[in-house]
Amino acid sequence: MGKTIRQLSEELQLSKQAINQRISSIKDFRSKHTHKVKNHLEIDEQGVKMLANFDKQKRQDQQVDRQERQVKNDKQDKKETNINDVLLKQLDVKDQQISKLQKSLDQQQQLQLATLAENRQLKGHIQKLNGLLESSNSTQKRQATKKNDNLSNGANSSNTMNKNDKQEKNRVVDTNEKQKRIHKNKVNNSWWHFW
């Protein structure tokens, strides 16, 4: 047999409002554990046990909720810890990669500086060689000029000799021709003479 709200409040030493709050807070309590008898609401025996153990049940539910939240938080903490561990490992790997890249960059810069220094030395050496070549070329030019002068003096003298020879030959030829003309003229004169 069930009990009314008043009977329950006297038995549990709670107010009617507290009993009503408990009834409202339990899901589907009214539909499953209450029924109307004349003008008042009666609660069946299972409902009475539930209301009597409400505080105890509430504490248990709260404890279960706390435990579930704790487990959930622990799992979340583990996930975060795992994520943090993974991120830390990735950071370590990235740090190592950056370190390697920095070393490579330093080596590249050192090689570049060495190459620049070597290029400067080679340019200096080339300039020295160019200076030597220029002085050698100017010496060769002077020598060639002297040779040409000597040759041209020799050639001039031979040219002069050749010219003189030619002039003499021309004179000889001219004199020979003059003599022939004279001779012809004489012959011609003699021929006219006969006519």
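Some points to look at:
- For region 1-52, alpha-carbon Rg over 2.2 N^0.38 Å: 0.99
- Other residues with beta-carbon under 11 Å from the beta-carbon of LEU113 carry, at +1 per Lys or Arg and -1 per Asp or Glu, a net charge of -1.
- Diffusion coefficient, µm² s⁻¹, Stokes-Einstein with Kirkwood Rh over alpha-carbon pairs of region 1-125 at 37 °C and 0.692 mPa s: 152 µm²/s
- Cα centroids of region 10-60 and region 62-91: 39 Å apart.
- The residue among GLY131, ALA117, GLN96 whose Cα reaches farthest toward the positive pole of the charge dipole of region 53-131, with charges on the beta-carbon of Lys, Arg, Asp and Glu, is GLY131.
- With all protein chains in place and a 1.4 Å probe, the accessible surface of region 1-63 carries 45 percent carbon and sulfur.
The values are calculated or read from the model by the stated rules, or taken from the named source; none is laboratory data. The structure presented is a predicted model; accordingly, all values stated were derived computationally and were not measured. Quick reminder, even Gly has a Cβ in these numbers, built from the backbone with ideal geometry, and neighbours come from all protein chains shown. We work out accessible area using only protein heavy atoms, side chains counted, and drop any ligands, DNA or RNA first. Shrake-Rupley method; radii C 1.70, N 1.55, O 1.52, S 1.80 Å.
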